[in-house]
Amino acid sequence: MRLGGGLFGETMAKLGVVAQNMPAGEVYQALEKGTLDATEFVGPYDDQKLGFNKVAPFYYYPGWWEGGAELEFFINKKAYAALSPDFQAIVDAAAAVAARDMTAKYDAKNPEALKRLVAAGTKLKPFPKDVMDAGFKAAMEVFAEHEAKSPEFKKIHQDMRAFQRDQILWERFSEYRFNSYMTGVKL
């Protein structure tokens, strides 16, 4: 399966997946030739644009490993520190705007792309709960292994999980009920 490495690759390996990291331009041919069985990519817009549905007609969801887009901007620490406070503020603002802009564009483009994929014969299939559970369990094992090896990872991961627990609590009272309702009504 074509996917990114790191923690995700380690998690998928626990599930028996052999990770292949390759440029986007090589994925279609690898799927077509059968050297790849599957790919994990960005979402419907990019998948449809790259024609993956022509050689991989099944579209499994949700991407349990990525509940939403996560962007990173890497800036050399010394170069950033050498900037004036005004320029640092400009870099910070530009990164924030780029992240919001990219997310908004995908939120707007993905629904139409998903419709085109389905119209072209793509079969949408939800991952079964046991697959979701296995993925979650494998991910928790990978995180625990890294926590045991790195106090820094442990601190960051535990801080992130505490924040996530609060966000999940809030989501139950805010967006979840609204989204659950709205996905069940006819507009």
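The values are calculated or read from the model by the stated rules, or taken from the named source; none is laboratory data. Note that this is a predicted model, so its numbers are computed, not measured. Cβ placement follows ideal geometry from the backbone for every residue including glycine, while neighbour counts extend to all protein chains displayed.
Answer yes or no as to whether Gly25 is at positive phi and not hydrophobic (A, V, I, L, M, F, W, C).
When the stated conditions are applied, Gly25 does not pass them.
Please state which one of Lys137, Lys105 is more than 23 Å from Ile168 (Cβ to Cβ), free of Cβ contacts under 8 Å to residues at least 24 places away in the same chain and of a type outside the set (Gly, Ala, Ser).
Lys105
With at positive phi and either in contact with a helix residue (DSSP H, G or I) (Cβ under 9 Å, 6 or more places away or on another chain) or not hydroxyl-bearing (Ser, Thr, Tyr) (or both) as the only criterion, which of Gly121, Gly135, Gly63 stands out?
After ruling out the rest, the residue left standing is Gly121.
Can you pull out the residues in segment 1-37 that are under 18 Å from the mean Cα position of the chain (by Cα) and crowded, with 16+ Cβ neighbours inside 10 Å?
If the condition is that a residue be under 18 Å from the mean Cα position of the chain (by Cα) and crowded, with 16+ Cβ neighbours inside 10 Å, then Arg2, Leu3, Leu7, Phe8, Gly9, Glu10, Thr11, Met12, Val17, Ala19, Gln20, Val27 are the ones that fit.
Out of all the residues in segment 14-22, is one or more in a helix (DSSP H, G or I), among the β-branched types (Val, Ile, Thr) and assigned by TED's automatic domain parsing to the domain that holds Lys123?
no
Per-residue answers, yes or no, for (1) farther than 19 Å from Leu3 by Cβ; (2) not small (Gly, Ala, Ser):
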| position | (1), (2) |
| --- | --- |
| Ala82 | yes, no |
| Arg116 | yes, yes |
| Lys129 | yes, yes |
| Met132 | no, yes |
